[in-house]
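Below: one structure, written as structure tokens.
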Amino acid sequence: MKVVYDWLKEFVDVPVSAEELASRLALTGTNIGGVENGPHGAVIDAEVTSNRPDCLGHLGIAREVSAIYKTALKKLPSTTGKLEPAVGGDALQKVRVDIQAPELCGRFTARVIRGVKIQPSPQWLKERLEACGVASINNVVDVSNYVMLELGHPLHSFDYDKIRDQRIVVRRASAQEKTRTLDGVERVLDAGTAVVCDGDGSRVVGIGGIMGGADTEISFATKNVLIECAWFDPIAIRRAARALRLHTEASTRFGRGADPEMAGAASRRSAELILQVAGGELQNGAVDEYPGKQAARKIRVTRTEFLRVMGADVSDKELEATLGALGFAPVRIDDHRGAAGSLLAAWECAQPSWRADVEREIDLIEEIARIHGLDKFPPRLPAARAGAVRLPHFEAEARLRERLIGLGYREILTIPHVAEERDELFRPSGVAPARLANPLSEEAGVLRSTGTVSMAASLEWNLNHSQRNARLFEIGRQYRLVGEESVETRVLSIGATGEAREQGLYDGARDFTFADLKGDLDAIGMLAGGFRWEAKASDGGNHAEPEWLNPAKRGHIFLGKEDLGVAGQLSRRVADKLKLRQEVFLAELALGPFYCAYYGTKNARRYEPLPRFPAVERDFSLLLPEGVHFSAVAEAIRALAIREIAAVEAGDLFRGRNVPAGKYSLLARVKFQSHEGTLTDAQIGEFSAKIVAALTTQLGAQLRASV
Amino acid sequence: MKSIETSISKKLSELGVADAEGLAPLFAEVRACFDAELAVASDEGSWKLFRDAWLGRKAGVLALITDNWLKPASPELKRVVGAALNELRGHVEAKIEERRVAIELGAESSAAARDAVDLSLPGVVRPIGSRHLVRQVFQEIEDIFVSIGFSVVEGPEIETPYYNFEALNIPEHHPVRDDMDTFYLELPKGAASPLLLRTHTSPVQIRTMEKMQPPVRVIVPGKVYRRDNPDATHSFAFHQIEGLAVDTDITFCDFTGTIEYFVRQFFGASVKTRFRPSYFPFTEPSVEFDVSCPFCGGSGTAASGGVCGKCKGAGWIELFGAGMVDPAVYGFVNYDAKKVSGFAFGIGIDRLAMLKYGIDDIQVFFQNDVRFLRQFP
Ligand SMILES: [Zn+2]
């Protein structure tokens, strides 16, 4: 809403400059976009909030000024005698109005002016409209817009002679009813839209409160004018405007709630201005159908409540002056009326017709406070009553993040909207994704059903921007539908590509491998008691075989019986689709069970006394048939149940050269440790013999050497 | 040593020395010779040769003097020779040791010059990760509010219209809904309630109050969504921290005090603040909260002299919306609006991070370019 400073002054004396006024308005509830000094003087750009339709006219802003500076509002320019009576008179013979849908149209006034001369508007009128950014059309149409900008109430003028039978019918549109609006567009209406019709009510001549019709539009041939000044239900208007995708100055004002009482005044003001700029003869009086008339609501405000909400006081005098200036007509009603500043003071106010937004005591409190100035309420920091608690998983997540960062991973945050075809690549079968009904684009049509889809995209971004080495993680959510319910699950996604170690002064470069990923994940697993790796998903587990991972380099991660997720190298098929030309490693873990296990492990952790006697290590260099995994070796050794075995580790691994085909060489390192004494060579020898026997008979291992 | 070679290979009697007087010049000559030649021992090798030449057990100068001068001497002369010899030995040993220390020190300092590390070279670079900037800001804000008694809670991002709108006093067809363009989910036909992506973290206010009675003091970090076309200042997903405090004695003054405390902690003590009346359906009185522009210090003028681009000359930057909880909201959670009061706020994290760190494109937060991530270790 552009507020012309000079225009404003027609309604109220403004004791300050436009700039000062603008900053004061900004601090009392009218957001200010800026002040421009142009050919029409100062123009303030007021960004009026949606609860204040009364401020979509100069009069409403003037009322704010009057409350801020406590200067009286001026009377509206006087009217000629011809405008009376307010209802009835000649007008009644000239037009009949029938409101068939009073729930949509609460008031409809009509006046008729005969013998107007349609022509361009006079300069002053053109300038005012131009200052407000409204195009000048002709004198009669311009008057409607002028009055709307002045009083905040939309009007419409018809070519009276095109109204059939001199009869107006306001009714609900029928579904799919069509009409052509004055912008020349054929509109299809929703049932329930208020339409203004003529004659027998069959022809639509205007969409009520939104836009007039083309058939009855004012033209340069128009001689006689019918002025419509009505009131339409805000919700119905908003619904209709949205359905039509037709948002006009009129629909904005009616949609937020126009002042039904203003319809009469705006009609008079409009008639007066038309006579002034277009001549003609006014038919005495007006038609005024007003089925929606309501008595002013009474609202009470008490000092106790004001203090309870605001925490600091405002004087009786100021409170009364503010509410009075805003039109609330406050009256002291408590028994302590003589006592100024009484804590028991109470006022009864009348809700003005232009303030549908003020219905309750709290609304009045806000009015008093904002005009008083919010800076006058002294800030204080309240004492806390209870201890503050972090999220239940706060510590587990902090430790996890800390560990990942220590391992060299950078945290990312992504937008979960992804393309359906991308999501499908990573989505386990049987999972229903959460699709958007109204996405902005196909690229963002579905909420990711896995974290990996976003992780892959982030790696892709980096590779496409010549950042070839990246180690990333995201702690986020995945989104799925189960029936009609949405399920959001916390997941950790990990992505790595490029070099595990870059070429430096002291070390050579080394590519990131599956072993790096596994090692990093195991370092995370230690926080929760250790991960178990399996080649296959558990029966009925959450993670089917991930087709998007290279079958030779992937694994399922378990925590106890819980199937946490998968890790591995992105398959060539998917990498090609994403045009990723270097090896990419991805992992995804469900965080809920991980956090749970974190706390469980932490609470169960106990000190283990340090051994007093030295440990002894023995290496077993084994030739093993392909397919016999290290886990089988470790299990076979552990199954011997030798208490002194403290650890079984894999020392070295190789294939080829002098290792026969179908076999591979593995160095198993066994650590012996006794808490009773130093182990003797004889004891070690005995243990070693048992180990060798077990490995050869159970696993078909050949001993290459024992060191 | 040539000068004394002859004398020390002869007996005193052969040199015609029979008393102490004759002895003194002989020792003086030897000592002068030693002092003159000491400089020859300039490194570890020459020092060893020099030491052996003088102190060698068999052919060292002192051994020769012992053999030739001391041992054959008459008993009376022997005592004098012995004393002179001891004095000479003391001098020689001290000087040779002194020389050794000097040589070793010299060797060490020359080795130091050769082996010194070049401090301008980097050490071994180990990969190290980083927290996302938005996460860092989240953490900072959470810490500030936790320190004044606010607990942290979370809620779902996929919400029902009831929690996102209705219970927050935003009925259907409320004009505010037009400003919060909303993503809806595609649901199977016949679904009981539509689902949407929350447009703010405020639904968690309702979920929290449904679960607990006052006093309530919570903050809610999380992602929110608005159906805006992305550009440098808009992203259809962004981050918020919601705050809510409800108790029997919370006033507007407590509200502004809490917000000011937070902002001073976050931006520094010198920042100025102001509250402008505004409108939100779920708060009343509602405010927009501004801080003095941290880029121009609130002057509106940039360092270059022109209009400050960050605040467009206003000197103030709009930070977020807030207010006292509208009593209508209490109706939805069965709180007695006559007995309790409170305040709520919703801080946009991305915008705050952009302001604090001078980031001019919100999209960088979500691209996750490692060159961006590296800047905030
Ligand atoms: Zn600035």
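Things to note:
- Out of A:Val16, A:Val65, one residue alone is in a loop (DSSP other than H, G, I, E, B) and away from chain B (no Cβ under 14 Å). It is A:Val16.
- Close Cβ contacts (under 8 Å, 6 or more residues apart or on different chains) running from residues in the range A:419-435 that are within 14 Å of another protein chain (Cβ to nearest Cβ) to residues that are open to solvent by 30 Å² or more (accessible area, probe 1.4 Å) and of a type in the set (Val, Ile, Thr) comprise A:Ala432/A:Val482.
- Residue match in the range B:103-125 (condition: within 14 Å of another protein chain (Cβ to nearest Cβ) and in a helix (DSSP H, G or I)): no
- Residue in the range B:256-267 that is out of contact with any Phe, Trp or Tyr (no Cβ under 8 Å at 6 or more places or on another chain), among the hydroxyl-bearing types (Ser, Thr, Tyr) and in a helix (DSSP H, G or I) present: yes
- Some residue of the range B:134-148 being assigned to a loop (DSSP other than H, G, I, E, B) and not aromatic (Phe, Trp, Tyr): yes
- For the range A:442-468, the set of residues classified as within 9 Å of chain B (Cβ to nearest Cβ), open to solvent by less than 50 Å² (accessible area, probe 1.4 Å) and in a loop (DSSP other than H, G, I, E, B) consists of A:Gln467 only.
- Scope the range B:100-119; condition open to solvent by less than 100 Å² (accessible area, probe 1.4 Å) and either out of contact with any helix residue (DSSP H, G or I) (no Cβ under 6 Å at 6 or more places or on another chain) or free of Cβ contacts under 8 Å to residues at least 60 places away in the same chain (or both); matching residues: B:Arg100, B:Val101, B:Ala102, B:Gly106, B:Ala107, B:Ser109, B:Ser110, B:Ala111, B:Ala112, B:Ala113, B:Ala116, B:Asp118
- All strands (runs of 3 or more DSSP E) inside the range B:273-371 with 3 or more residues being under 30 Å from B:Ser130 (Cβ atoms) and away from the ligand (no atom under 16 Å from the Cβ): B:341-348
- None of A:Gly685, A:Gly700, A:Gly677 is free of Cβ contacts under 8 Å to residues at least 40 places away in the same chain and either at positive phi or in the same structural domain as A:Ser631 (by TED's automatic domain parsing) (or both) except A:Gly685.
- Any chance B:Val101 is of a type in the set (A, V, I, L, M) and either within 53 Å of the chain's Cα centre (by Cα) or on the phi > 0 side of the Ramachandran plot (or both): yes
- Residue check, A:Ile137 open to solvent by 50 Å² or more (accessible area, probe 1.4 Å) and either of a type in the set (Val, Ile, Thr) or out of contact with any Asp or Glu (no Cβ under 6 Å at 6 or more places or on another chain) (or both): yes
- Filtering the range B:2-16 to residues that are aliphatic (A, V, I, L, M) and either in contact (Cβ under 8 Å) with a residue 40 or more places away in the chain or outside the structural domain of B:Ser74 (by TED's automatic domain parsing) (or both) leaves B:Ile4, B:Ile8, B:Leu12.
- For the range B:227-249, a tally of residues being over 30 Å from A:Ile415 (Cβ atoms) and open to solvent by less than 10 Å² (accessible area, probe 1.4 Å) returns 2.
- Selection count, the range A:197-220, where residues are among the charged types (D, E, K, R) and outside any loop (DSSP other than H, G, I, E, B): 2
- For A:Ala266: the one exception among (1) within 14 Å of chain B (Cβ to nearest Cβ); (2) in a helix (DSSP H, G or I); (3) crowded, with 20+ Cβ neighbours inside 10 Å: (1)
- None of A:Ser66, A:Ser23 is among the hydroxyl-bearing types (Ser, Thr, Tyr) and surrounded by 19 or more Cβ atoms within 10 Å (Cβ to Cβ) except A:Ser66.
- With respect to the conditions (1) at pLDDT 85 or above; (2) open to solvent by 30 Å² or more (accessible area, probe 1.4 Å); (3) more than 9 Å from chain A (Cβ to nearest Cβ), B:Pro294 lacks only one, and its number is (1).
- Extreme residue, nearest to the other protein chains (Cβ to nearest Cβ), among residues of the range A:362-379 that are within 31 Å of the chain's Cα centre (by Cα) and surrounded by fewer than 18 Cβ atoms within 10 Å (Cβ to Cβ): A:Asp375
- Test for B:Ile259: is it within 14 Å of chain A (Cβ to nearest Cβ), away from the ligand (no atom under 16 Å from the Cβ) and surrounded by 16 or more Cβ atoms within 10 Å (Cβ to Cβ): yes
The values are calculated or read from the model by the stated rules, or taken from the named source; none is laboratory data. Keep in mind it's a predicted model, so treat the numbers as computed, not measured. Neighbour counts are summed over all protein chains in view; Cβ atoms, including those assigned to glycine, are modelled from backbone coordinates with ideal geometry. Each accessible area value is taken on the protein alone, full model and side chains, heavy atoms only, with ligands, DNA and RNA left out. Shrake-Rupley method; radii C 1.70, N 1.55, O 1.52, S 1.80 Å.
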